[in-house]
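Asker: Can you keep this structure in mind? I'll have questions shortly.
The values are calculated or read from the model by the stated rules, or taken from the named source; none is laboratory data. Computed from a predicted structure; not experimentally measured. In this analysis, Cβ positions are derived from the backbone assuming ideal geometry, glycine residues included, and neighbour counts consider all displayed protein chains. Just the protein is used for accessible areas: all its heavy atoms, side chains included, with ligands, DNA and RNA removed. Shrake-Rupley method; radii C 1.70, N 1.55, O 1.52, S 1.80 Å.
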Amino acid sequence: MNVFMLVLNFISKEILNVPAYLIGIVAAVGLIALKRSAGQVVSGALKAAMGYLILGAGATVVTAALAPFGELVLKSTGAHGVVPTNEVIVGQASSQFGSASAYIIVLSFIIMLLAARFTPLKYVFLTGHHMVFMSMMLAIVLSFGLKDQWLVVLLGSVLMGVIMVVMPAFAQPFMNRVTGSDKLSIGHFNTLGYIVSGAVGAAAGKKSKSTEDINFPKGLSFLRDSMVSTTLLMVILYLVFSVWGAIVLPAETAFKIFASNPDNYGSFFMAAFAQALQFGIGVSIILYGVRIILGELVPAFQGIANKVVPGAKPALDIPIVFPYGANASLIGFLSSFVGGLVALGIIAVWLGPVWGVALILPGMVPHFFDGGGAGVFGNATGGRVGAIAGAFINGMLITFLPAALMTVMGSFGLSNSTFGDADFGWYGIVVGNLVHLGPVGGAIVLFVFAVILFAVAWVWQVKVVNKGWLPGVKHAEFIEQVKAEEKAAKAAARAAKAAKTADRA
């Protein structure tokens, strides 16, 4: 049993917990299935893995650049409360629930592959760190209702295996609208936020132009470069809050925000400027890593789709959609953050005093990745209005849901952190409430819930996704109409110029 446990721990922590290794293995398997040469298999696997490592390096740079910004905002405004951070809550719970989490990861991955092989839900979830987060969340909420550790593991594995194929299925029509094809799926546990954002965009942005078609004045044409515009906006935000912090905070407190340890206000403002530049660099690295992954993993995945799991699609992390809407991701980040602030105000004024709901502070990292993704989905179905409105609602979701999740997390509901993405929230709330029906009744009801959720996704896949339904049809028609009008206007301008030239001749 000890050897078996060691093997499971190795697989879950050293392989499944490292998305780059997992994606490299998947690429290698796909290329082998396509009967590529040994050199092509090694090259494709390494490039796919390195692409994900590059993406992760970019995410690390962005996270590091956002950390002092978040601290600057919170200290300048004097806000106090819980910041939802997946890594923190997982670290706090690992000593008590790490063993159950490891078993859940491995068994749920097998369940997912079986579901992808033998059902219409052909999705292979490849975002390893989110698998770790979900397994830990399920281990926590199930353990406070079920006493038998093996029942926690078995039920947690079923619930996680189901959610890994169900959520990509529900989001697939929206993902198809974003990418313009059906080759990729989203494998990120803020899927509810992306679906809601896409739906809001389709409803509110029927006649809204795309965020990617913003017409800058000639003097501001340099803002068409997403790296420049992203960095410039963060420079402005950082400097605004730096000035605010310099006014309201003691110098010693303000200076400690930055790791460079500035000792005067000049170096303090330059530290803020440097962090803004680091943010822009991180975003650029992410986009470069995404391009490598798309170039290597998607072709290799055809081998898996054709031979191993026929028709399967890779479900990948949310930065995979950022290149489909660079402006939208930035707008989504800002709009989601504003939505989080509004939700924070509602909790502080009403939900907290009346219902005792925890004060959830906006975390920069979830708002950047979740909000950015929501902006891309909202833009795809509703243009600029969709990006703004959809991401705003996403920001409220990832504030209210983490607050509600804390009520079913037992002793961890009193900790200084919680899970931050929408799917952890709604899934944990449902599971956490049902499990309290008792060890036997709760387990039975949860299993039935998992079966029903899987069945609904099955029907959705067959009746909706496979039939080719796409959201935001009216917006797409509007965009085509605008393009046709612009094309006609250009043709008329060329004709007028030609006629004028002929008249002169």
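Asker: Within the set of other residues whose C-beta is less than 15 Å from the C-beta of residue 64, count the net charge using Lys and Arg as +1 and Asp and Glu as -1.
Answerer: Details: positive: none; negative: 71, 87.
Around residue 64, the charge tally is -2.
Asker: Check which residues have an amide H placed less than 5 Å from residue 361's amide H, if you skip close sequence neighbours.
Answerer: 82, 83
Asker: Where the centre of each part is set by its Cα atoms, how far does the stretch 424-457 sit from the stretch 304-339, in angstrom?
Answerer: Cα centres, the stretch 424-457 to the stretch 304-339: 28 Å.
Asker: I would also like to ask the following. Give me the distance between the Cα centres of the stretch 174-195 and the stretch 76-120, rounded to whole Å.
Answerer: Distance between centres, Cα-based: 21 Å.
Asker: Separate question: For the cross-link pairs 122/209; 47/483; 47/463; 206/467; 307/467, which exceed 26 Å when the distance is taken from alpha carbon to alpha carbon?
Answerer: Working: 122/209 33 Å; 47/483 37 Å; 47/463 37 Å; 206/467 23 Å; 307/467 24 Å.
From the list (122/209; 47/483; 47/463; 206/467; 307/467), the Cα-Cα distance tops 26 Å for 122/209; 47/483; 47/463.
Asker: Same structure again: When only C-alpha pairs under 8 Å and at least 6 residues apart count, what is the relative contact order of the chain, in percent? It would help to have the intermediate numbers written out before the result.
Answerer: Numbers: 909 pairs, mean separation 130.9, N = 505.
Reported relative contact order: 26 percent.
Asker: Given a Förster distance of 30 Å, report the FRET efficiency between residue 214 and residue 239 from their Cβ-Cβ distance, rounded to the nearest 0.05.
Answerer: Working: r = 23 Å, r/R0 = 0.76.
Between residue 214 and residue 239 the formula returns 0.85.
Asker: Rank 128, 496, 435 by how far each Cα sits towards the positive end of the charge dipole of the chain (+1 on Lys, Arg Cβ; -1 on Asp, Glu Cβ) and give me just the farthest.
Answerer: 496
Asker: Can I ask one more? Take the chain, compute every pairwise Cα distance, and split them into 10 Å bins from 0; I just need the percent in each bin.
Answerer: Over the chain, the share of Cα pairs per 10 Å bin runs 4, 18, 28, 27, 15, 6, 2, 1, 0, 0 percent.
Asker: For the stretch 306-360, what Kirkwood radius comes out of the mean inverse Cα-Cα distance, in Å?
Answerer: Numbers: mean 1/r = 0.0684 Å⁻¹.
Averaging 1/r across every pair of different Cα atoms and inverting gives 14.6 Å.
Asker: Please compute the contact order of the stretch 100-184 in relative form: average sequence separation of alpha-carbon pairs under 8 Å and at least six residues apart, divided by the residue count, as a percent. List each step's numbers first, then the result.
Answerer: Details: 82 pairs, mean separation 34.1, N = 85.
40 percent.
Asker: If you count, for each residue, the other Cβ atoms within 10 Å and average over each peptide, how do 151-163, 440-452 line up from highest to lowest? Walk me through the numbers on the way to the answer.
Answerer: Values: 151-163: 23.5, 440-452: 15.2.
The packing order, highest mean first, is 151-163, 440-452.
Asker: How much of residue 367 can a 1.4 Å solvent probe reach, expressed as accessible area in Å² and rounded to 10?
Answerer: 0 Å²
Asker: Please report the carbon-and-sulfur percent of the accessible area for the stretch 47-129; probe 1.4 Å, protein heavy atoms only, DNA, RNA and ligands left out.
Answerer: On the way: 2120 of 3030 Å².
C and S atoms contribute 70 percent here.
Asker: Still on this structure: More than 11 Å apart: what percent of Cα pairs in the stretch 238-279 qualify?
Answerer: On the way: 511 of 861 pairs.
The share of Cα pairs beyond 11 Å in the stretch 238-279 comes to 59 percent.
Asker: Output needed: percent of Cα pairs per 5 Å distance bin for the stretch 102-169, bins running from 0 to the one holding the longest distance.
Answerer: 3, 20, 30, 22, 14, 8, 2
Asker: Can I ask one more? Show that you can apply the helix-only estimate: for the chain, add -39,500 (n - 2.57) for every DSSP H stretch of four or more residues, divide by all residues, and state [θ] at 222 nm to the nearest 500.
Answerer: Details: 16 runs with 359 residues, N = 505.
Calculated from helices alone, the mean residue ellipticity at 222 nm is -25000 deg cm²/dmol.
Asker: Given 37 °C and 0.692 mPa s, how large is the Stokes-Einstein diffusion coefficient of the stretch 251-301 in µm²/s, with Rh as the Kirkwood radius over Cα pairs?
Answerer: Values: Rh = 13.2 Å.
The estimated diffusion coefficient comes to 248 µm²/s.
Asker: Note the full-extension length gain between residue 488 and residue 474 as 0.36 nm times their separation in residues minus their Cα-Cα distance, in nm to one decimal. Present the calculation step by step, with values, prior to reporting the outcome.
Answerer: Values: separation 14, 0.36 × 14 = 5.04 nm, distance 2.09 nm.
Using 0.36 nm per residue and subtracting the Cα-Cα distance, I get 3.0 nm.
Asker: Still on this model: Expressed as a whole percentage, what fraction of the accessible surface of the stretch 184-343 belongs to carbon and sulfur atoms when a 1.4 Å probe is rolled over the protein heavy atoms? Walk me through the numbers before you get to the answer.
Answerer: Values: 4450 of 6650 Å².
Here carbon and sulfur together make up 67 percent of the probe-accessible area.
Asker: Carbon and sulfur: what percent of the stretch 353-505's accessible surface (1.4 Å probe)?
Answerer: Working: 5020 of 7190 Å².
Result for the stretch 353-505: 70 percent of the exposed heavy-atom area is carbon or sulfur.
Asker: Taking only protein heavy atoms into account and a 1.4 Å probe, give the accessible area per residue of the stretch 1-148 in Å².
Answerer: Values: 6140 Å² over 148 residues.
Per residue, the stretch 1-148 has 41 Å² of solvent-accessible surface.
Asker: Please give the per residue accessible area of the stretch 251-334, computed with a probe of 1.4 Å over protein heavy atoms only, in Å². List each step's numbers first, then the result.
Answerer: Numbers: 3290 Å² over 84 residues.
Here the residues of the stretch 251-334 average 39 Å² of exposed surface.
Asker: Please identify the DSSP H helices in the chain that span no less than 24 Å along the helix axis (Cα) and have a mean Kyte-Doolittle hydropathy of 0.5 or more.
Answerer: On the way: long enough: 38-77 (58 Å, 1.14); 86-118 (37 Å, 1.25); 149-179 (42 Å, 1.44); 226-248 (33 Å, 2.05); 265-303 (57 Å, 1.24); 326-346 (31 Å, 1.72); 364-405 (31 Å, 0.98); 439-460 (31 Å, 2.42); 473-504 (47 Å, -0.62).
What comes out of the filter, once short or polar helices are dropped, is 38-77, 86-118, 149-179, 226-248, 265-303, 326-346, 364-405, 439-460.
Asker: Then there's this: What ranking, highest mean first, results for peptides 379-391, 228-240, 122-134, 424-436 when packing means the other Cβ atoms within 10 Å averaged over each residue?
Answerer: Peptide ranking by packing, descending: 379-391, 122-134, 424-436, 228-240.
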